[in-house]
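The values are calculated or read from the model by the stated rules, or taken from the named source; none is laboratory data. Worth saying up front: this structure is predicted, and the values here are computed from it rather than measured. Cβ placement follows ideal geometry from the backbone for every residue including glycine, while neighbour counts extend to all protein chains displayed.
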């Protein structure tokens, strides 16, 4: 019952908060103008959507924490919840500043980096990487004790901490860059949250606390999706697009380090990003150049597909990959990920050639 109530509450609050945030964004002229070639929308659209999502997520998390025993007492500790909320607040504040003042990339980068460090300090991290073909890779070989608080020791674990930062930054920037079509990132986050919910409830994992947190995230983005699906009345903005990937990355760590599951769900945007980076390097362009129209959703748009069709296609493929992630384990999951990776990469090459002919 708590799962259903949490999801519905998060969705309703997100819907309501987004209505208010939309008014605030319009009042202070925090809007996205269709002034660039890559902009698909045709009229000024409010930003700051991530604020409404975060307010919903944080509200439900705090209510469940204070009035029930369903979120704490098991795998999750109070410091984990505080770390996630504090780190998310940093992301949202950075997003508000960027939406309003269009910060330079080096300043934008500081907020996800600080958020990743906060999560690590709260005790969330990747201690090892599973190897279905042999012995797991231990990331805690280099460990330095820093201090102890309330009998809890805190360590700096070189490899584990660095890998966790890279993982969280990678997931954060994946959804940030993917946010180019109405409802795309929001819907994928709902799918990811639901998949992580079922994953956390599997018998061999059984983390109802993590499952509940995943469903609250999914509900928060689901409520926002009513405003964000094509034609969008409000956009995620910097805070929302980074919050999505950051939380998917964090929850995949908490749910038993299921990084392969997150990779499967997000394989389309991850492989698309990799493809674009390779293409830029091949053409001797800067791999970190500002946004362009080389990403998959823009290429599909150039082929004549509608925004709604593109989004629904990516939803469908991601949902299928999510089911695969829930169904298969170990070597099979890795092999399937590799096969789908090759298939998606080849599809991108085909689409890239087709769009050249269209152009």
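Taken over the stretch 124-141, the criterion of being surrounded by 13 or more Cβ atoms within 10 Å (Cβ to Cβ) and either assigned to a loop (DSSP other than H, G, I, E, B) or at pLDDT 90 or above (or both) is satisfied by 124, 125, 126, 127, 130, 132, 139, 140.
The set of residues from the stretch 75-110 being assigned to a loop (DSSP other than H, G, I, E, B) and farther than 25 Å from residue 216 by Cα comprises 102, 103, 104. Considering only the stretch 237-254, I want to know if a residue exists there that is buried (at least 24 other Cβ atoms within 10 Å of the Cβ) and assigned to a loop (DSSP other than H, G, I, E, B). The answer is no, given that none of the residues of the stretch 237-254 is buried (at least 24 other Cβ atoms within 10 Å of the Cβ) and assigned to a loop (DSSP other than H, G, I, E, B). Of the residues contained in the stretch 259-270, none is found to be assigned to a helix (DSSP H, G or I), modelled with pLDDT under 80, within 23 Å of the chain's Cα centre (by Cα) and over 29 Å from residue 200 (Cα atoms).
Just checking, does the stretch 192-209 include any residue being at positive phi and at pLDDT below 95? Step through it out loud before you land on a result.
As a first pass, look at the stretch 192-209 and keep what is at positive phi: 206.
Okay, now just the ones that are also at pLDDT below 95, so 206.
Scanning the stretch 192-209, I find at least one residue that is at positive phi and at pLDDT below 95, so the answer is yes.
Counting the residues of the stretch 306-350 that are outside any helix (DSSP H, G or I) and modelled with pLDDT under 85 gives 2. Of all the numbered requirements in (1) over 27 Å from residue 125 (Cβ atoms); (2) crowded, with 20+ Cβ neighbours inside 10 Å, residue 61 misses one, and that requirement is (1).
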